[in-house]
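K.L.:
Here you go, one structure.
The values are calculated or read from the model by the stated rules, or taken from the named source; none is laboratory data. Just so it is clear, the structure is predicted and the values come from calculations on it, not from any experiment. Neighbour counts are summed over all protein chains in view; Cβ atoms, including those assigned to glycine, are modelled from backbone coordinates with ideal geometry. The accessibility values were calculated without ligands, DNA or RNA, using every heavy atom of the protein model including side chains. Shrake-Rupley method; radii C 1.70, N 1.55, O 1.52, S 1.80 Å.
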Amino acid sequence: TTGEPGTDATVVNSGTPQNAVLNFTIPQGSSASQNLERFLTTDTPAQPINSGEALTFFNNPLSLGDSVTHTPASSDVVIENGIYLVSFHGTVGLPSTSSGPVPSLIYLTQDGKNVDGASVQTSLNQGGSYTAVAFSIPIEVTSVPSVLRIVSEQGGLLFSNISFSVVQLGDNPTSN
C-alpha cells in the first residue's frame, strides 16, 4: 500500500505467527523537488568596475518561482528562506591601456557580509589579458529578505559574460 508523503513505513502481519501474511505500507515520495526555485541573471558586454563595487546584471533569462527576485540593471539578488546553491561565472580582464600584474578578488556578500568560501582570486599579468573566474557555494537564508551581491575588491577591471545563478536545494531544516 502507498502511504501519505512524510508518514512512516509500516509492516503488519495479518496472518498467523506460523503463516505470516505481511502487509507493507510505504510512504509516497515528496514532489517538493519539482517546486524548487531556479533563477539566473546575466550580463554579456564588458563592464568596468570600481574598487569594492558590486557587479550589475541586466538580463533575467530564467526565473522559476517567486522566492528569488532581481530588478534588471541592478546588483541585488533578493532571496527568501531556504537552502540555496549560489554560483557565479564570468570573465575578468585588464584593459589594454593598463599594466600588470593586477590581483583580482571577486566574492559573494549576503546582507553586506562576505560569505566564507564564496570567492575566487586570480592575477592579470598584462593589459588586454582575460581569465575565467567562477565559484559555487550552498548558503542558508533564515532572515528575509536576504540580499546577495557579487563584489570586486579591485577596481579598474572589466567583467564580461557574467552569470549569477541561485537554485533552491530545499527548505530550512526544522529544529527539534
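K.L.:
Of all the residues that make up the range 122-148, how many are assigned to a strand (DSSP E or B) and touching an Asp or Glu at 6+ places or on another chain (Cβ under 6 Å)? Even if it seems obvious, please write down each step before you answer.
P.N.:
Let us first name the residues in the range 122-148 that are assigned to a strand (DSSP E or B), namely 122-126, 130-141, 146-148.
Subset that is touching an Asp or Glu at 6+ places or on another chain (Cβ under 6 Å): 146-147.
Of the residues in the range 122-148, 2 are assigned to a strand (DSSP E or B) and touching an Asp or Glu at 6+ places or on another chain (Cβ under 6 Å).
K.L.:
If you don't mind, another one. Scan the range 44-87 for residues that are within 22 Å of VAL102 (Cα to Cα) and in contact with a Ser or Thr (Cβ under 7 Å, 6 or more places away or on another chain) and jot them down. Even if it seems obvious, please write down each step before you answer.
P.N.:
Applying the first criterion (within 22 Å of VAL102 (Cα to Cα)) to the range 44-87 yields 45-56.
Those that are within 22 Å of VAL102 (Cα to Cα) and in contact with a Ser or Thr (Cβ under 7 Å, 6 or more places away or on another chain): PRO45, ALA46, GLN47, ILE49, GLU53, ALA54, LEU55, THR56.
K.L.:
On to the next question. Which residue, of PRO45, PRO17, PRO5, is surrounded by fewer than 16 Cβ atoms within 10 Å (Cβ to Cβ), more than 19 Å from ALA134 (Cα to Cα) and either within 29 Å of the chain's Cα centre (by Cα) or in contact (Cβ under 8 Å) with a residue 60 or more places away in the chain (or both)?
P.N.:
PRO5
K.L.:
Being small (Gly, Ala, Ser) and not in a strand (DSSP E or B) is the filter; apply it to the range 90-121 and report the residue that is nearest to GLY170 (Cα to Cα).
P.N.:
Filtering first and then ranking leaves GLY112.
K.L.:
Do the conditions hold for SER87, that is, is it touching a strand residue (DSSP E or B) at 6+ places or on another chain (Cβ under 9 Å), open to solvent by 40 Å² or more (accessible area, probe 1.4 Å), assigned to a strand (DSSP E or B) and within 22 Å of VAL167 (Cβ to Cβ)?
P.N.:
No, not satisfied.
K.L.:
Yes or no: LEU148 open to solvent by less than 50 Å² (accessible area, probe 1.4 Å) and within 19 Å of PHE57 (Cβ to Cβ)? Can you show your working first?
P.N.:
Working: open to solvent by less than 50 Å² (accessible area, probe 1.4 Å): yes; within 19 Å of PHE57 (Cβ to Cβ): yes.
Yes, satisfied.
K.L.:
Moving to a separate point now. Taking the residues in the range 119-145 that are open to solvent by less than 80 Å² (accessible area, probe 1.4 Å), of a type in the set (A, V, I, L, M, F, W, C) and in contact with a strand residue (DSSP E or B) (Cβ under 7 Å, 6 or more places away or on another chain) as candidates, determine which candidate is nearest to GLY100 (Cα to Cα).
P.N.:
Checked the range 119-145; the qualifying residue nearest to GLY100 (Cα to Cα) is LEU124.
K.L.:
Scan the range 91-119 residue by residue and report those that are within 11 Å of ILE150 (Cα to Cα) and in contact (Cβ under 8 Å) with a residue 24 or more places away in the chain.
P.N.:
Of everything in the range 91-119, those that are within 11 Å of ILE150 (Cα to Cα) and in contact (Cβ under 8 Å) with a residue 24 or more places away in the chain turn out to be LEU105, ILE106, TYR107, LEU108, THR109, GLN110, GLY112, VAL115, ALA118.
K.L.:
Report the residue count in the range 151-176 for those that are open to solvent by less than 70 Å² (accessible area, probe 1.4 Å) and assigned to a strand (DSSP E or B).
P.N.:
14
K.L.:
Restricting attention to the range 51-73, and to residues there that are assigned to a strand (DSSP E or B) and among the hydrophobic types (A, V, I, L, M, F, W, C), which single residue is surrounded by the most Cβ atoms within 10 Å (Cβ to Cβ)?
P.N.:
Going through the qualifying residues, I end up with VAL68.
K.L.:
Could you look through the range 92-118, keep only residues that are under 13 Å from the mean Cα position of the chain (by Cα) and of a type in the set (S, T, N, Q), and pick out the one that is surrounded by the fewest Cβ atoms within 10 Å (Cβ to Cβ)?
P.N.:
Applying the filter and picking the extreme gives THR109.
K.L.:
Shifting gears a bit: Can you report the number of residues in the range 132-153 which are modelled with pLDDT of 95 or more and among the polar types (S, T, N, Q)?
P.N.:
Residues meeting the conditions: 3.
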